[in-house]
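The values are calculated or read from the model by the stated rules, or taken from the named source; none is laboratory data. Note that the structure is a prediction, hence the values are computed from the model and not measured. All Cβ positions, glycine included, derive from the backbone under ideal geometry; neighbour counts span all protein chains shown.
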Amino acid sequence: MRLGLKRGTVALYPHEAAWEREAERTVSELRGILGSAATDYRHVGSTAIRSIKAKPIVDIAVSVNDFADILAKEDALREHGFYYRPGAFDETQLFFACGSFYDGTGELQTHFIHVVKKDGPQWRDYLNFGDYMNAFPAAARRYEALKERLAAANPEDPGRERYLAGKHDFILDILRRATVWSFLGKNIRMKIDRPVGYVHAKGGYTLVYPLNYGYIPGVPGGDGEDLDVYLIGVTEPVSQADCRVVGVVHRKNDAEDKLIAAPEGTDFTKEEMENAVRFQEQWYDSRIIPLRDAARFDELYGE
């Protein structure tokens with residue numbers, strides 16, 4: 001197994017199944033150290049994407065309730081070769097790294113450990129990105145092609161800053177797609193702040209909502225606010241709803257996409273969904289991707 005890369009260099013290698021086994025071994029080791037201080041673990045990053053080349057550095061995301069619980073185990077982590085790197089990221093995560101560069105015996109970086117808050121946006125992003133790439137090989141190939149161009153242009157890159165910056169916009173686009181895709185077919189509890197009959201008057205126009213419209217609390221959409229949801233199939237005003245996501249509204253000329261949800265057990269055609277949300281979506285370059293087309297999501301989103 002090829003594992004480790006000299007710090008400040010960029011090189012990609014074909015996927016190895018051994019990276020997945022190494023991730024499993026690393027997670028097992030972390031479980032033994034962290035115990036109840038961590039709530040979940042996930043192999044993330046490019047070595048977790050089965051169809052593409054990657055830097056031979058294994059990334060693990062760890063979800064926790066409280067960063068203080070992890071910092072209390074810093075000495076134990078260091079004894080096992082996990083070195084805390086304060087300031088490597090912002091306050092949304094703790095970062096630990098492994099390799100001979102960190103213990104002073106060489107120049108290699110082998111593992112990166114990203115500690116983030118349980119159910120927070122960073123945890124969801126780590127999971128959604130990898131799940132989306134493994135679900136849609138065409139998207140993974142686009143990512144690989146970009147990585148290859150960047151690696152060729154930046155083989156020596158202190159901090160890998162240029163390499164990372166070059167991936168930034170692509171990753172944001174995939175995360176936007178992956179966030180809404182991840183909810184297709186899922187049961188959610190939504191809050192409704194614009195019920196049936198709600199009158200929205202702003203900027204010289206008035207819009208009366210013919211359906212219940214709300215959001216999923218704590219899940220940010222493309223605009224940074226809570227992810228918006230149209231509720232169809234419920235004709236009376238309600239303040240919240242337990243429902244199933246049956247479609248995605250992709251806005252090509254806006255920063256955010258939206259979900260379409262309906263009561264469990266109900267079914268709607270794409271045309272029915274389009275008619276239901278037209279009162280607002282007519283002002284945008286929107287397209288509906290229904291649950292029945294989930295397997296073609298990446299293709300349809302990009303049309």
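Taking the stretch 223-301 as the region of interest, the strands (runs of 3 or more DSSP E) fully inside it that hold 1 or more residues being without any contact (Cβ under 8 Å) to a residue 60 or more places away in the chain, acidic (D, E) and surrounded by fewer than 14 Cβ atoms within 10 Å (Cβ to Cβ) are 240-251. Taking the stretch 36-63 as the range and being part of a helix (DSSP H, G or I) and closer than 23 Å to R160 by Cβ as the test, the residues that pass are S46, T47, A48.
Residues in the stretch 1-35 that are among the polar types (S, T, N, Q) and assigned to a helix (DSSP H, G or I): T26, S28. Apart from one condition, E236 fits all of (1) modelled with pLDDT of 95 or more; (2) closer than 18 Å to Y284 by Cα; (3) of a type in the set (D, E); the exception is (2).
Being more than 17 Å from the chain's Cα centre (by Cα), surrounded by fewer than 17 Cβ atoms within 10 Å (Cβ to Cβ), under 25 Å from K117 (Cα atoms) and assigned by TED's automatic domain parsing to the domain that holds I260 is a property that K191 has.
With respect to E91, is the statement that it is surrounded by fewer than 19 Cβ atoms within 10 Å (Cβ to Cβ), over 16 Å from L30 (Cβ atoms) and either within 18 Å of the chain's Cα centre (by Cα) or among the acidic types (D, E) (or both) true?
Values: surrounded by fewer than 19 Cβ atoms within 10 Å (Cβ to Cβ): yes; over 16 Å from L30 (Cβ atoms): yes; either within 18 Å of the chain's Cα centre (by Cα) or among the acidic types (D, E) (or both): yes.
Taking the combined requirement at face value, the residue satisfies it.
For the stretch 34-67, taking the residues that are charged (D, E, K, R), over 20 Å from T9 (Cα atoms) and in contact with a strand residue (DSSP E or B) (Cβ under 7 Å, 6 or more places away or on another chain), the one that is surrounded by the most Cβ atoms within 10 Å (Cβ to Cβ) is identified as R42.
The set of residues in the stretch 209-252 that are in contact with a Gly (Cβ under 7 Å, 6 or more places away or on another chain), more than 22 Å from V180 (Cα to Cα) and not aromatic (F, W, Y) contains only P237.
Of the residues contained in the stretch 202-219, one or more are found to be assigned by TED's automatic domain parsing to the domain that holds V277, crowded, with 20+ Cβ neighbours inside 10 Å and part of a loop (DSSP other than H, G, I, E, B). Scanning the stretch 60-78 for residues that are under 27 Å from M1 (Cα atoms) and under 15 Å from the mean Cα position of the chain (by Cα) returns I60, A61, V62. Could you list, in sequence order, the residues of the stretch 120-169 that are buried (at least 18 other Cβ atoms within 10 Å of the Cβ), part of a helix (DSSP H, G or I) and among the charged types (D, E, K, R)? Listed by number, the residues that qualify are R124, D125, R142, E144, K147, R160.
Check the stretch 154-173 and report whether any residue there is within 24 Å of Q280 (Cβ to Cβ) and either under 26 Å from the mean Cα position of the chain (by Cα) or of a type in the set (V, I, T) (or both).
So the first thing to find is which residues in the stretch 154-173 are within 24 Å of Q280 (Cβ to Cβ), and the list is 173.
Retained after the next criterion (residues that are either under 26 Å from the mean Cα position of the chain (by Cα) or of a type in the set (V, I, T) (or both)): 173.
The answer is yes; a qualifying residue exists.
Residues that are part of a strand (DSSP E or B), within 18 Å of A11 (Cα to Cα) and among the hydrophobic types (A, V, I, L, M, F, W, C) within the stretch 99-119 comprise L108, F112, listed in sequence order.
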